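Q: Can you read through this structure? Questions will come right after.
The values are calculated or read from the model by the stated rules, or taken from the named source; none is laboratory data. Please read these numbers as outputs of a predicted model, since none were measured by experiment. Positions of Cβ are generated from backbone atoms using ideal geometry, with glycine treated the same way; all protein chains shown enter the neighbour counts. For the accessible areas, the whole protein counts, side chains as well, though only heavy atoms, and no ligand, DNA or RNA atoms are used. Shrake-Rupley method; radii C 1.70, N 1.55, O 1.52, S 1.80 Å.
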Amino acid sequence: TGCALGFFLQIYLLDVAQLDPFYASIILFVGRAWDAITDPMVGFFISKTSWTRFGRLMPWIIFSTPFAVISYFLIWFVPDISSGQVMWYLVFYCIFQTLVTCFHVPYSALTMFISREQSERDSATAYRMTVEVLGTVLGTAIQGQIVGKVVTPCIESPLFIGKTNSSVAMEELNMTHDTGSLTDTRNAYMIAAGVIGGLYILCAAILSVGVQEKRESSELQSDEPVSFFQGLKLVMNHGAYIKLIAGFLFTSLAFMLLEGNFALFCTYTLGFRNEFQNILLAIMLSATLTIPLWQWFLTRFGKKTAVYVGISSAIPFLIMVAVLDSNLIVTYIVAVAAGISVAAAFLLPWSMLPDVIDDFKLQHPDSHGHEAIFFSFYVFFTKFTSGVSLGISTLSLDFAGYQTRGCSQPSEVNFTLKMLVSAVPVGLILLGLLLFKLYPIDEEKRRKNKKALQDLR
């Protein structure tokens, strides 16, 4: 669901639901910002949840799933109302983000409650992220291939066919003629939503039946209740956590900007209207296949080295796709190379977060139950800033003169899209890697922390 929304929601709101770019930017920003706010709130409530026969985390996953699937489907439905469409998408996008948070925060925190061993948690994280990236491939494939089979009708701008009265009449005729095709496109989005919703339910069922929380591993419930703001102050005062967040915040933003604008970039700037879903699939397949490579690399050379090598490897290819003339073969090569870097960006933050929590436990041995807060605040900062960036990028397209359902776009829009998928992500990656130099937990520090924790126990 995250991949389908990330890659397709912007182009869906603009060209299928036919919303004004300004309102689309509000939906994207408010939805992501709301999602960010709910993450630490859910993390806090989970830390206060009492143990049940299903565990502490699993009831959140089980009970949120059916409502999340319903709200997800309604995001991809175009209501037959002349006014109120903006509110429709805003409400259901926010409801879905809240419910998927009730799934994702306990799901990601489970890593801390199936083992205390660093090596086992690293291995579990690698498997989890491999399958999670495989899930993004499924999301891209299902959404892209179903929607890609239907050609979304476009309208030739009067700027390109002349500004006579007859051209205006011709545009109106085109809009009438294309109504049937637009209905087919809307139906395709709903079919894709139904298939992905079915997968969501299947995966939640497998998770709830197949994974058991170990009560002896769980330190989730604090001996002394900590308020939301006390928890925030505690984790925000931990230097290693702040430095990890600062580094990955900018690199995550770079890939989210790329994700949010890539479909528009392929469709309009590169001119691959009927190929973009296959290019997206190439990126995500490449990412899936190289997750094990990065897991081997980080165990062999260390996690900080893996960050520098893995994430910086995207830079030359991001520059290449913007500088070179539109070429399908070059675009596929860039897609595969970008996927290798995406794999590192997926795996490494989640692999390094448990190391920070171990470091926190050593510095605060009497303080328990903050694991979910660490995970949820990390997601909070990433999602909030991504909401801001997506909102700003959609507004930028509006200022550049984006033509809704246009067969082609003005040169200003194409230039803006090049900036959003090349220059800006490259700048963010460089800034993130520069900040990451400050992160204090290298391999030697990890080994010392592991021994100290074993002695403490």
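Q: Testing L298 on (1) crowded, with 18+ Cβ neighbours inside 10 Å; (2) closer than 30 Å to G391 by Cβ; (3) at pLDDT 80 or above; (4) not polar (S, T, N, Q), one condition comes back false. Which one is that?
A: So the condition that L298 fails would be (2).
Q: Further question on the same structure: Say we look at segment 307-357 and pick out the residues that are in a helix (DSSP H, G or I) and among the hydroxyl-bearing types (S, T, Y); which of these is surrounded by the most Cβ atoms within 10 Å (Cβ to Cβ)?
A: Among residues in segment 307-357 that are in a helix (DSSP H, G or I) and among the hydroxyl-bearing types (S, T, Y), the one surrounded by the most Cβ atoms within 10 Å (Cβ to Cβ) is S341.
Q: Could you tell me which residue of segment 1-45 is modelled with the lowest pLDDT, considering only residues that are of a type in the set (D, E, K, R) and within 17 Å of the chain's Cα centre (by Cα)?
A: Initial filter on segment 1-45 (of a type in the set (D, E, K, R)): 15, 20, 32, 35, 39.
Filter once more, keeping what is within 17 Å of the chain's Cα centre (by Cα): 32, 35, 39.
Details: R32: 82, D35: 81, D39: 78.
Here the residue is D39.
Q: Moving to a separate point now. Quick one: V78 ticks every box in (1) outside any helix (DSSP H, G or I); (2) open to solvent by 20 Å² or more (accessible area, probe 1.4 Å); (3) closer than 24 Å to L420 by Cβ bar one, so which box is it?
A: Failed condition: (3).
Q: Further question: Please identify the pairs in which a residue from segment 115-130 that is farther than 26 Å from I340 by Cβ and in contact (Cβ under 8 Å) with a residue 12 or more places away in the chain has its Cβ atom under 8 Å from the Cβ atom of a residue that is open to solvent by 10 Å² or more (accessible area, probe 1.4 Å) and among the basic types (K, R), counting only partners at least 6 apart or on another chain.
A: S115/K214; R116/R457
Q: Any residue at all in segment 368-384 that is in contact with a Lys or Arg (Cβ under 8 Å, 6 or more places away or on another chain), in contact (Cβ under 8 Å) with a residue 12 or more places away in the chain, open to solvent by 60 Å² or more (accessible area, probe 1.4 Å) and not in a loop (DSSP other than H, G, I, E, B)? Talk me through it step by step, then tell me what you get.
A: Start the filter on segment 368-384 by keeping residues that are in contact with a Lys or Arg (Cβ under 8 Å, 6 or more places away or on another chain), which leaves 383-384.
Retained after the next criterion (residues that are in contact (Cβ under 8 Å) with a residue 12 or more places away in the chain): 383-384.
Now narrow it down to the ones that are open to solvent by 60 Å² or more (accessible area, probe 1.4 Å): 384.
Filter again for not in a loop (DSSP other than H, G, I, E, B), leaving 384.
Yes; the residues of segment 368-384 include at least one that is in contact with a Lys or Arg (Cβ under 8 Å, 6 or more places away or on another chain), in contact (Cβ under 8 Å) with a residue 12 or more places away in the chain, open to solvent by 60 Å² or more (accessible area, probe 1.4 Å) and not in a loop (DSSP other than H, G, I, E, B).
Q: Evaluate the following for F63: is it without any contact (Cβ under 8 Å) to a residue 40 or more places away in the chain and under 13 Å from T1 (Cβ atoms)? Working first, answer last.
A: On the way: without any contact (Cβ under 8 Å) to a residue 40 or more places away in the chain: yes; under 13 Å from T1 (Cβ atoms): no.
So F63 fails the test.
Q: When both residues are 6+ apart or on different chains and their Cβ atoms are under 9 Å apart, which pairs have a first residue that lies in segment 31-53 and is over 26 Å from L13 (Cβ atoms) and of a type in the set (D, E, K, R), and a second that is open to solvent by less than 10 Å² (accessible area, probe 1.4 Å) and outside any helix (DSSP H, G or I)?
A: Short answer, once both residue conditions are applied: K48/G369.
Q: For S393, only one of the following conditions fails: (1) surrounded by 15 or more Cβ atoms within 10 Å (Cβ to Cβ); (2) farther than 23 Å from S341 by Cα. What is its number?
A: Condition (2) is where S393 drops out.
Q: Give segment 297-319 a look and list any residue that's among the basic types (K, R) and out of contact with any helix residue (DSSP H, G or I) (no Cβ under 7 Å at 6 or more places or on another chain), or say none. So that I can check it myself, show each step before the final result.
A: First, the residues of segment 297-319 that are among the basic types (K, R): 300, 303-304.
Hits for segment 297-319 are R300, K304.
Q: Follow-up. Tell me the residue from G406, G432 that is buried (at least 16 other Cβ atoms within 10 Å of the Cβ) and either among the charged types (D, E, K, R) or within 23 Å of the chain's Cα centre (by Cα) (or both), please. Lay out the reasoning, then the answer.
A: Values: G406 fails: either among the charged types (D, E, K, R) or within 23 Å of the chain's Cα centre (by Cα) (or both).
None of the other options fit; the residue is G432.
Q: Here is a follow-up. Considering (1) of a type outside the set (K, R); (2) closer than 16 Å to L298 by Cβ; (3) out of contact with any helix residue (DSSP H, G or I) (no Cβ under 6 Å at 6 or more places or on another chain), say which one V330 fails and leave the rest.
A: (2)
Q: Among the residues of segment 1-18, write down those that are of a type in the set (A, V, I, L, M, F, W, C) and either open to solvent by 10 Å² or more (accessible area, probe 1.4 Å) or without any contact (Cβ under 8 Å) to a residue 40 or more places away in the chain (or both).
A: In the first step, residues of segment 1-18 are kept if they are of a type in the set (A, V, I, L, M, F, W, C); the result is 3-5, 7-9, 11, 13-14, 16-17.
Residues satisfying the conditions are C3, L5, F7, I11.
Q: If you don't mind, there's one more thing I want to ask. Which residue is farthest from P349 (Cα to Cα), if the candidates are limited to segment 280-305 and must be of a type in the set (G, A, S) and under 21 Å from the mean Cα position of the chain (by Cα)? Reasoning before the result, please.
A: Taking segment 280-305 first, the residues of a type in the set (G, A, S) are 282, 286-287, 302.
Next cut, under 21 Å from the mean Cα position of the chain (by Cα) only: 282, 286-287.
Working: A282: 23, S286: 19, A287: 15 Å.
If we take residues in segment 280-305 being of a type in the set (G, A, S) and under 21 Å from the mean Cα position of the chain (by Cα), then A282 is farthest from P349 (Cα to Cα).
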